[in-house]
There are 2 protein chains.
Amino acid sequence: MTTGRPPSTTHDQIASVALDLFARRGFEATTVEEIAAAVGVGRRTIFHYFPSKNDMVWGNFDWVLDRLRTHLEESDEETSLIDAVRRAALLSNRYPAEQLPELRIRMTLITSVPALQAHSMLRYAAWRQVIAEFAAERLGVAPNEIAPQTIAHAALGASTAGFTRWVEHPEEDLDGCLETAYRLLAEGFATPAGDQG
Amino acid sequence: MTTGRPPSTTHDQIASVALDLFARRGFEATTVEEIAAAVGVGRRTIFHYFPSKNDMVWGNFDWVLDRLRTHLEESDEETSLIDAVRRAALLSNRYPAEQLPELRIRMTLITSVPALQAHSMLRYAAWRQVIAEFAAERLGVAPNEIAPQTIAHAALGASTAGFTRWVEHPEEDLDGCLETAYRLLAEGFATPAGDQG
DNA sequence: GGTCATTTTACACTCAGTGCGATAACGTTA
DNA sequence: TAACGTTATCGCACTGAGTGTAAAATGACC
């Protein structure tokens with residue numbers, strides 16, 4: 001692939017510039033035209049790299065899905081379904097410390113901007129699909145059956161609740177927030193009134 | 001309310017006309033201008049009744065929320081949290097038979113059109129809030145704590161999985177689909193029939 | 001008829017997203 | 001050097017959702 005006009009920007013560069021503008025001026029207040037200008041490229045080019053403005057806030061989400069899948073596959077056959085899911089969810093959300101600030105900015109936007117909250121539904125459908133496929137294999141049914149689907153939805157709920165907690169409480173760590181949420185799930189909400197991590 | 005110009009249409013009429021057009025021509029292919037023309041009203045008037053095209057697909061969702069809240073409040077103090085939530089979710093989704101076809105059309109749109117899938121996130125936030133407030137009172141913590149939030153997210157996941165199942169399997173009944181999903185939740189995904197019913 | 005309250009509506013606008021076609025920038029080949 | 005193929009960029013024109021505003025319509029009441 002050495003022929004043709006060389007690209008004048010990259011996926012990552014646009015995402016980085018956009019995230020910066022979103023964080024400083026707000027998501028809605030930032031137009032695609034402004035992002036294009038900041039990158040030094042035409043507006044039309046932006047849409048060549050991203051299908052929508054919403055998609056710019058997700059980093060490399062496919063990479064997260066890959067990690068999730070990998071961790072699920074390496075799970076012990078004797079581990080219970082919920083424990084396997086919990087473990088994979090936690091491990092796939094381990095980040096080097098230097099990436100956490102950017103992750104926090106992204107998740108803050110996603111959990112607070114209505115347009116992004118809504119759009120997250122579409123992104124998380126892929127996440128649920130990974131869980132559903134794993135659960136389906138464990139249970140010996142099709143991924144679109146109600147059991148795998150419910151497990152996938154509930155697991156996503158736990159992850160979402162954990163992430164939201166982390167976004168709103170910068171002093172706590174992400175792993176702990178997710179751990180707490182998944183524990184509640186595993187216990188069927190049979191939580192003693194005193195304990196609420 | 002006897003003074004001023006009388007309204008030339010109603011919330012319900014617009015919703016009904018819109019739903020019909022969506023079902024026949026598709027959601028994306030139907031423009032707001034077409035809906036306005038079908039109702040016999042200006043385009044601008046439509047946006048006086050609905051904040052967005054997406055919102056037209058939901059019927060009286062506030063009414064569902066009220067029913068959910070009512071059923072939660074009337075729950076026995078001795079009933080476990082998850083059982084109270086399950087019972088309220090099931091009861092608030094009982095519809096007279098003649099309303100089911102329209103409900104199915106709505107839910108089919110919501111679960112299949114990407115823009116509506118995304119938008120549902122915003123509507124369901126209110127649903128989760130009702131659950132979270134109930135769970136919070138039961139647990140003696142604030143509604144935005146992780147336990148009520150996780151429970152709310154997971155319950156929504158069960159409802160969503162149940163509804164999706166019902167949409168894709170017209171021969172099954174809604175109550176049964178929801179029941180199955182909530183049972184999985186209550187048992188912490190433990191497949192064998194467990195202790196807690 | 002005149003006033004008041006409320007709804008409807010036209011107009012003009014912003015912005016996201018799309019389709020299309022022209023053009024720019026590169027490597028290769030003659 | 002010049003022509004050519006390839007790919008990216010970009011401008012232009014368009015659709016369609018949603019908004020702000022101010023005017024006009026409509027009915028009730030005096």
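Taking a label point 7 Å from Cα toward Cβ, how far is B:Trp63 from its twins in the other copies, in nm, shortest first?
Label point to label point, same position, other copies: 4.9 nm.
Give the accessible surface of the range A:10-85 per residue, rounded to a whole number of Å², with probe radius 1.4 Å and ligands, DNA and RNA excluded.
With the other protein chains kept in place, the range A:10-85 gives 55 Å² per residue.
State the extension gain, in nm to one decimal, for the chain segment bounded by B:Gln129 and B:Thr70, taking 0.36 nm per residue of separation less the distance between their alpha-carbons.
Result for the pair: 19.8 nm of gain on full extension.
Determine the shielding of peptide B:111-117 by partner chains: average, over its residues, the number of Cβ atoms on other chains within 10 angstrom of each Cβ.
Numbers: counts 0, 0, 0, 4, 3, 2, 5.
Mean shielding count: 2.
If you count, for each residue, the other Cβ atoms within 10 Å and average over each peptide, how do A:83-89, A:66-72, B:41-47 line up from highest to lowest?
Order by mean packing, descending: A:83-89, A:66-72, B:41-47.
Using alpha-carbon pairs under 8 Å, 6+ residues apart, how would you state the relative contact order of chain B in percent? Working shown, then result.
Working: 174 pairs, mean separation 29.8, N = 197.
Reported as a whole number, the value is 15 percent.
In whole angstrom, how far apart do the alpha carbon centroids of the range A:24-56 and the range B:88-132 sit?
33 Å
Using just the helices of chain B, give the 222 nm mean residue ellipticity in deg cm²/dmol: DSSP H runs with n ≥ 4 each add -39,500 (n - 2.57), and the total is spread over all residues, rounded to 500.
Calculated at 222 nm, the ellipticity per residue is -21000 deg cm²/dmol.
Short version: which residues of the range A:157-181 lose at least 50 Å² of accessible area, all chains versus chain alone, 1.4 Å probe?
A:Ala161, A:Arg165
Please average, across the residues of A:120-127, the number of beta carbons from any other chain that are within 10 Å of each residue's own beta carbon, and give a whole number. Before the final figure, lay out each step's value.
Numbers: counts 2, 9, 5, 1, 1, 3, 0, 0.
If you average over the peptide's residues, the count of other-chain Cβ atoms is 3.
Given A:Val57, B:Tyr182, B:Pro51, which one lies farthest toward the positive end of the charge dipole of the protein assembly as shown, if we put +1 on the Cβ of every Lys and Arg and -1 on the Cβ of every Asp and Glu?
Of the options given, the answer is B:Pro51.
Can you pull the percent of the range A:64-118's accessible area that's carbon plus sulfur, 1.4 Å probe, other chains left in place? All intermediate terms of the calculation are to be shown ahead of the outcome.
Details: 1420 of 2750 Å².
Here carbon and sulfur together make up 52 percent of the probe-accessible area.
What is the spin-label model distance, in nm, from A:Arg5 to B:Arg94 if the labels are put 7 Å beyond Cα along the C-beta direction?
6.6 nm
I need the calculated FRET efficiency for the pair A:Leu139 and A:Asp12, taking r as the beta carbon distance and R₀ as 45 Å, to the nearest 0.05.
Numbers: r = 39 Å, r/R0 = 0.87.
In this case the efficiency is close to 0.70.
Only four residue types carry charge here, +1 at the Cβ of Lys and Arg and -1 at the Cβ of Asp and Glu. Report the dipole size of chain A about the Cα centre in Debye, rounded to the nearest 20.
Numbers: 18 positive and 27 negative charges, 187 e Å.
So the magnitude is around 900 debye.
Could you rank A:His153, A:His11, A:His48 by how accessible they are, 1.4 Å probe, largest area first?
If we order A:His153, A:His11, A:His48 from most to least accessible, we get A:His48, A:His11, A:His153.
Along Cα→Cβ at 7 Å, what distances in nm separate the A:Ala23 label point from those on the other copies, shortest first?
For A:Ala23, the other copies' label points sit at 4.8 nm, shortest first.
Rg (Å, one decimal) plus Dmax (Å, integer) for the alpha carbons of the range A:1-111?
Cα radius of gyration and Dmax of the range A:1-111 are 17.9, 55 Å respectively.
Please give the total accessible area that chains A and B bury against each other, computed with a 1.4 Å probe and expressed in Å² to the nearest 100.
The buried area between A and B, both sides summed, comes to about 3100 Å².
Enter the accessible area per residue of the range B:118-197 (Å², integer; probe 1.4 Å; all protein chains in place).
I get 37 Å² per residue for the range B:118-197.
Using a 1.4 Å probe and counting only protein heavy atoms, arrange B:Glu77, A:Glu145 so the residue with the most accessible area comes first.
Correct descending sequence by accessible area is B:Glu77, A:Glu145.
Which whole number gives the average, over all residues in A:76-89, of C-beta atoms from other chains lying within 10 Å of the residue C-beta?
Partner-chain Cβ atoms within 10 Å, mean over residues of A:76-89: 1.
Provide, as a two-decimal number, the C-alpha radius of gyration of the protein assembly as shown over 2.2 N^0.38 Å, N being how many residues it has.
Normalised by 2.2 N^0.38 Å, the Cα Rg of the protein assembly as shown equals 1.06.
From the gyration tensor of the Cα coordinates in chain A, what semi-axes in whole Å does the equivalent ellipsoid have, largest first, with each one equal to sqrt(5λ)?
Ellipsoid half-lengths, sorted descending, are 34, 21, 14 Å.
Calculate the dipole size of the protein assembly as shown relative to its Cα centre from +1 charges on Lys and Arg beta carbons and -1 charges on Asp and Glu beta carbons; express the result in debye to the nearest 20.
1800 debye
Output the DSSP H helices from chain A with an along-axis C-alpha extent of no less than 30 Å and a mean Kyte-Doolittle hydropathy no less than -1.0.
Membrane-span-like by this criterion, though nothing is claimed about a membrane: A:114-139, A:146-168.
Quick check for me: using +1 on Lys/Arg Cβ and -1 on Asp/Glu Cβ, what's the dipole size of the range A:105-181 about its Cα centre, in debye to the nearest 20?
For the range A:105-181, the charge dipole is close to 340 debye.
Ordered shortest first, which distances in nm separate the 7 Å Cα→C-beta label point of A:Glu171 from those of the other copies?
Once sorted, the set of distances for A:Glu171 reads 5.8 nm.
Fully extended, how many nm does the chain gain between B:Glu78 and B:Trp63 (0.36 nm per residue separation, minus their Cα-Cα distance)?
So the extension gain works out to 2.7 nm.
The values are calculated or read from the model by the stated rules, or taken from the named source; none is laboratory data. From a predicted model like this one, the values you see are computed outputs, not experimental measurements. Ideal geometry is used to build each Cβ from the backbone, glycine not excepted, and the neighbour counts take in all protein chains shown. Calculation scope for accessible area: heavy atoms of the full protein, side chains included, ligands and nucleic acids excluded. Shrake-Rupley method; radii C 1.70, N 1.55, O 1.52, S 1.80 Å.
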